[in-house]
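**Student:** Pasting a structure below so you can have a look.
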Amino acid sequence: MRLRLPEERPTEPPTGYKIAHPVLSQDGTRAGFTGVSLGGALPYGVLADAACVYGLRHRAPHRRCDCGFHCVHDRTAAEALLCTAEHRAAVLLEVAVLGRFIRFERGFRYARQRVRTATVGPCACGTVAAALADAGWGRPGWRALAPSCAGCVRGRTSVSLAAFARLAGEGLRVVAGREGARKVADLGTSPDDLGVPELVAEAALLQARLDWFQTQLARLREPGAGGGGQG
């Protein structure tokens, strides 16, 4: 007699946590994520279906394969993955587990997901992130992004957290971590006010870009700048 795993039919989609790298399409019109391990070469959107990364024709997740989306039950376990050097620039995702899934001790392997919230960590300099900027690597047609403060954006391709959420669509929320919420409060604004944190981040990002352009213009106006010939 062949034993079968018990079937679950939850009334609401289970919640899981995972980490991923945010990505921006080459033309800047779409946003999504790419995984940090299996399937990392295939960027996905906020609402996405899994496929077998080995090219097999079975439906994901298959019991005899390791295909499908992966997540863990515990938020703390996902946050711990952000401590490793190669994952420092990744973001924490809260996802709804949809469709067929296989439950494990620490998480799920499943067929479909909706990313509800993306929590962005601090900039590499330690300051709370105001934007997601070009990380210097990517996938064909996609630029990987990393958290950046307003002062470190400079001339890199970047989008604010609110702009990334708009491009990704499907009701995605993109927020700075707890440290970011405290610093927004220090500015005299309440993080609970609708739209205020996003507007503050947008303003800081625009100011940083303006400062960078003014610096470049000042250099061009210096005597001998611009390569003009004499004579």
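Just so you know, all these numbers are worked out from the coordinates, no wet-lab data involved. Values in this document were obtained by computation on a predicted structure and should not be read as measured data. Note that each Cβ is placed from the backbone with ideal geometry, even for glycine, and that neighbours are counted across all protein chains shown.
**Student:** What is the one condition in (1) without any contact (Cβ under 8 Å) to a residue 40 or more places away in the chain; (2) surrounded by fewer than 18 Cβ atoms within 10 Å (Cβ to Cβ) that Ala133 does not satisfy?
**Tutor:** Only one criterion is unmet by Ala133, namely (2).
**Student:** Whether any residue in region 54-67 is touching a residue at least 24 places away in the same chain (Cβ under 8 Å), touching a Ser or Thr at 6+ places or on another chain (Cβ under 7 Å) and either buried (at least 16 other Cβ atoms within 10 Å of the Cβ) or in a loop (DSSP other than H, G, I, E, B) (or both) is what I want to check.
**Tutor:** No, region 54-67 contains no residue that is touching a residue at least 24 places away in the same chain (Cβ under 8 Å), touching a Ser or Thr at 6+ places or on another chain (Cβ under 7 Å) and either buried (at least 16 other Cβ atoms within 10 Å of the Cβ) or in a loop (DSSP other than H, G, I, E, B) (or both).
**Student:** Quick check on Ala50: is it crowded, with 21+ Cβ neighbours inside 10 Å and more than 15 Å from the chain's Cα centre (by Cα)?
**Tutor:** In short, yes.
**Student:** Among the residues of region 1-34, how many are small (Gly, Ala, Ser) and surrounded by fewer than 20 Cβ atoms within 10 Å (Cβ to Cβ)?
**Tutor:** So the answer is 2.
**Student:** Taking region 107-118 only, how many residues are buried (at least 22 other Cβ atoms within 10 Å of the Cβ) and of a type in the set (S, T, N, Q)?
**Tutor:** Of the residues in that region, 1 qualify.
**Student:** Would you point out which residue out of Glu94, Glu86 is assigned to a strand (DSSP E or B) and surrounded by fewer than 19 Cβ atoms within 10 Å (Cβ to Cβ)?
**Tutor:** Values: Glu86 fails: assigned to a strand (DSSP E or B).
Being assigned to a strand (DSSP E or B) and surrounded by fewer than 19 Cβ atoms within 10 Å (Cβ to Cβ) holds for just one of Glu94, Glu86, which is Glu94.
**Student:** Could you check Phe104 against (1) touching a residue at least 12 places away in the same chain (Cβ under 8 Å); (2) surrounded by fewer than 20 Cβ atoms within 10 Å (Cβ to Cβ) and say which number it fails?
**Tutor:** Result: Phe104 passes all but (1).
**Student:** Considering every residue within region 71-82, establish whether at least one is on the phi < 0 side of the Ramachandran plot, touching a residue at least 24 places away in the same chain (Cβ under 8 Å), part of a strand (DSSP E or B) and not hydroxyl-bearing (Ser, Thr, Tyr).
**Tutor:** There is at least one residue in region 71-82 that is on the phi < 0 side of the Ramachandran plot, touching a residue at least 24 places away in the same chain (Cβ under 8 Å), part of a strand (DSSP E or B) and not hydroxyl-bearing (Ser, Thr, Tyr).
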